[in-house]
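Following: one structure in structure tokens, then a few remarks.
The values are calculated or read from the model by the stated rules, or taken from the named source; none is laboratory data. Computed from a prediction, not measured in an experiment: that's the story for all the values here. For neighbour counting, all protein chains shown are included, and Cβ atoms are generated from backbone atoms with ideal geometry for every residue, glycine included.
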Amino acid sequence: MKKTVLKFGLYGAVTICALFLISWFVLSDLPLSTQEVLGYVSMVVSLSFVFFGIKHFRDIQNGGTVSFKKALIIGILISLITALAFGVLDILYTEVLNPDFMVSYYENAAENLRSTLPADQVEAKLAELESQREMFSNPLMSFLLMAMTVFVIGFIISLISALILQRK
């Protein structure tokens with residue numbers, strides 16, 4: 001089981017990092033909202049290795065059977081490896097490769113608030129946005145947010161995959 005988790009976890013980690021870097025170099029001219037959607041698509045694509053890891057374990061290593069619990073554990077561990085890799089990549093990106101990202105992201109978000117909300121609501125939302133900006137400027141908080149985002153999506157994929165692939 002350890003070999004399967006490590007192998008497919010690393011596949012997921014490499015995939016999410018490669019898709020992130022490709023989108024950074026190739027798709028950086030797209031609007032932030034489009035880039036955000038592509039980011040979530042990249043997460044789902046990289047977490048597809050959860051399904052393939054569970055299937056590999058069931059069919060190749062475990063004689064065609066796997067319980068729901070064992071499949072879920074495998075999926076969670078693969079998701080955890082992928083999530084940790086993405087959290088580290090996010091810190092590398094925001095602290096080293098593009099340290100101005102947070103500033104431009106929040107300027108864009110503030111501009112969107114001003115253009116979509118009535119004037120009486122803008123100040124309250126801008127204050128909320130500023131408090132979030134301070135919190136996510138902390139590398140540890142940024143790491144936790146990005147890793148947890150990937151992990152939660154991976155957990156959902158693990159649940160679905162365990163339900164589909166369980167076989168006694």
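In region 24-45, what residues are within 19 Å of Pro99 (Cα to Cα) and touching a residue at least 40 places away in the same chain (Cβ under 8 Å)?
Residues satisfying the conditions are Trp24, Leu32.
Give me the residue from region 82-93 that is of a type in the set (Val, Ile, Thr) and surrounded by fewer than 19 Cβ atoms within 10 Å (Cβ to Cβ) and, out of that set, farthest from Lys2 (Cα to Cα).
Taking region 82-93 as the starting set, the residues that turn out to be of a type in the set (Val, Ile, Thr) are 82, 88, 91.
Going one step further and asking which of them are surrounded by fewer than 19 Cβ atoms within 10 Å (Cβ to Cβ), we end up with 88, 91.
On the way: Val88: 22, Ile91: 27 Å.
Ranking the qualifying residues of region 82-93, first place goes to Ile91.
Filter region 77-114 for residues that are hydroxyl-bearing (Ser, Thr, Tyr) and touching a residue at least 12 places away in the same chain (Cβ under 8 Å) and give the result.
Ser79, Thr82, Tyr93, Thr94, Tyr105, Tyr106
Tell me the residue from Ile156, Ile164 that is under 30 Å from Phe57 (Cα atoms), part of a helix (DSSP H, G or I) and either basic (Lys, Arg) or more than 17 Å from the chain's Cα centre (by Cα) (or both), please.
Ile164
Mind checking which residues of region 142-155 are farther than 10 Å from Gly87 by Cα and loosely packed, with under 14 Cβ neighbours inside 10 Å?
The one that is farther than 10 Å from Gly87 by Cα and loosely packed, with under 14 Cβ neighbours inside 10 Å: Val152.
Which condition from (1) exposed (fewer than 14 other Cβ atoms within 10 Å of the Cβ); (2) farther than 25 Å from Cys17 by Cα is the one that Lys125 breaks?
(1)
Which condition number does Ala71 fail, the rest of (1) small (Gly, Ala, Ser); (2) more than 15 Å from the chain's Cα centre (by Cα); (3) modelled with pLDDT of 95 or more; (4) farther than 30 Å from Lys168 by Cα being met?
Against the list (1) small (Gly, Ala, Ser); (2) more than 15 Å from the chain's Cα centre (by Cα); (3) modelled with pLDDT of 95 or more; (4) farther than 30 Å from Lys168 by Cα, Ala71 comes up short only on (4).
Can you name the residue in region 20-56 that is buried (at least 18 other Cβ atoms within 10 Å of the Cβ) and aliphatic (A, V, I, L, M) and is also nearest to the chain's Cα centre (by Cα) among such residues?
Looking at residues that are buried (at least 18 other Cβ atoms within 10 Å of the Cβ) and aliphatic (A, V, I, L, M), I get Met43.
How many residues does region 144-163 contain that are under 10 Å from Leu47 (Cβ atoms) and either among the aromatic types (Phe, Trp, Tyr) or in contact (Cβ under 8 Å) with a residue 12 or more places away in the chain (or both)?
Qualifying residue count, region 144-163: 8.
The conditions are (1) part of a helix (DSSP H, G or I); (2) modelled with pLDDT of 90 or more, and Tyr105 fails exactly one of them. Which is it?
Status for Tyr105: all satisfied but (2).
Kindly indicate the residue of region 25-63 that is in a loop (DSSP other than H, G, I, E, B) and not charged (D, E, K, R) and also nearest to Ile157 (Cα to Cα) among those meeting that condition.
Here the residue is Leu47.
Against the definition (part of a helix (DSSP H, G or I) and either of a type in the set (Lys, Arg) or more than 18 Å from Ile16 (Cα to Cα) (or both)), how does Ile73 come out, yes or no?
Yes.
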